[in-house]
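What follows is a short report on a single structure.
The values are calculated or read from the model by the stated rules, or taken from the named source; none is laboratory data. A quick note: this is a predicted structure, and the numbers were derived from the prediction, not measured. Neighbour counts run over all protein chains shown; Cβ positions are idealised from the backbone, glycine included. Just so you know, the surface numbers come from the protein's heavy atoms only, side chains and all, with ligands and any DNA or RNA stripped out. Shrake-Rupley method; radii C 1.70, N 1.55, O 1.52, S 1.80 Å.
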Amino acid sequence: MNNTFSASNQIGLVSTFSELVHTNFKGETNALCWYRNLDGDFKEIVGKLSLKENITEVSSTDLIALQLSEKGNIAREIILNDLKLLTDFGASPSLNLLKCYERDNEFDFISTDVYSFHVDRSPIATDTFLCTYHGAASDIVSNSQVEQKILIPEIRAKLKELHDGAEEEFENFLKENYFDLHYQLQADAEPINLGLGHLWRLAVDHPKQEVLPCVHRAPVENEGEYRLLLIC
């Protein structure tokens, strides 16, 4: 068992899919991990898939059509089973072959892309599920080790200049442009990498949520390497 995961109050460890979806978030715990050491050759799958854009969604049909070795077939069966488990649960999983996400370079003082530490928000009760099978893996960080960027005085001042509207509309402006979802690490922050093969459930900001949403980010991709990521 991973000592980093075990030592973090933020992370709850489970050993089955049923536990993953039915365990409640509570206290500081806003990330649940179905910890797995997966067999199979996921790199072979990545090598045989075709990237059509920077992000290409891979269907079950695409996976089944691949001619794979025994190890590659083991990896494929794991992915297909994960997709089925999540679909049967009522989620809408997507398997992505990923070169990179779009960058937000509009402002030099704040970023709103997924490489920035952020939380997910939804109008309905939901969670974020993700698993990286190959390539760089995402990071999470404790809410106590970050500061909301819109509360940092110099950033807030620049956002007010950008808004250039009525004071009472400023908070809505921040939400409409997703500025309020992004966080800055404190100097002593220690992000936790989610690793390969584990299936994660992260808390989302929604009206019925009883814990703080999980602060996370997409990783900078490894040079010359695609990611294979399940997410919903």
- Task: Could you check Lys48 against (1) in contact (Cβ under 8 Å) with a residue 12 or more places away in the chain; (2) surrounded by 13 or more Cβ atoms within 10 Å (Cβ to Cβ); (3) farther than 19 Å from His134 by Cα and say which number it fails?
- Result: (3)
- Query: Which of the residues spanning the range 52-63 are among the β-branched types (Val, Ile, Thr), touching a strand residue (DSSP E or B) at 6+ places or on another chain (Cβ under 7 Å) and open to solvent by 40 Å² or more (accessible area, probe 1.4 Å)?
  - Reply: Ile55
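Okay, residues lined up against (1) at pLDDT below 95; (2) assigned to a helix (DSSP H, G or I); (3) more than 28 Å from Tyr226 (Cα to Cα):
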residue	(1), (2), (3)
Ala125	yes, no, yes
Leu130	no, no, no
Glu161	yes, yes, yes
Glu171	yes, yes, yes
- Out of Leu32, Leu83, Leu66, Leu38, which single residue is touching a Gly at 6+ places or on another chain (Cβ under 6 Å) and either surrounded by fewer than 19 Cβ atoms within 10 Å (Cβ to Cβ) or over 30 Å from Ala189 (Cβ atoms) (or both)? Leu38
- Please enumerate the residues belonging to the range 59-82 that are within 29 Å of Arg103 (Cα to Cα), free of Cβ contacts under 8 Å to residues at least 60 places away in the same chain and of a type in the set (A, V, I, L, M). Leu63
- Query: Can you name the condition, by its number, that Lys175 falls short on among (1) under 23 Å from Asn30 (Cβ atoms); (2) not in a helix (DSSP H, G or I)?
  - Reply: (2)
- Of all residues making up the range 68-112, the number that are under 19 Å from Ala218 (Cα atoms) and not in a loop (DSSP other than H, G, I, E, B): 5
- Within the range 191-208, the residues that are under 13 Å from Pro219 (Cα atoms) and buried (at least 19 other Cβ atoms within 10 Å of the Cβ) are Ile192, Leu194
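Just checking, which of Asp88, Asp108, Asp164, Asp104 is surrounded by 15 or more Cβ atoms within 10 Å (Cβ to Cβ) and of a type in the set (D, E, K, R)?
It is Asp104.
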- Message: When the residues of the range 69-80 are narrowed to those that are of a type outside the set (D, E, K, R) and over 9 Å from Asp41 (Cα atoms), which ends up surrounded by the most Cβ atoms within 10 Å (Cβ to Cβ)?
- Response: Ile79
- Note on the structure: Among residues of the range 3-22 being surrounded by fewer than 16 Cβ atoms within 10 Å (Cβ to Cβ) and assigned to a loop (DSSP other than H, G, I, E, B), the residue modelled with the lowest pLDDT is Asn9
- From Lys52, Lys43, which residue is more than 22 Å from Phe179 (Cβ to Cβ), basic (Lys, Arg) and in a helix (DSSP H, G or I)? Lys43
- Task: Kindly indicate whether Cys131 is touching a residue at least 40 places away in the same chain (Cβ under 8 Å) and surrounded by fewer than 19 Cβ atoms within 10 Å (Cβ to Cβ).
- Result: no
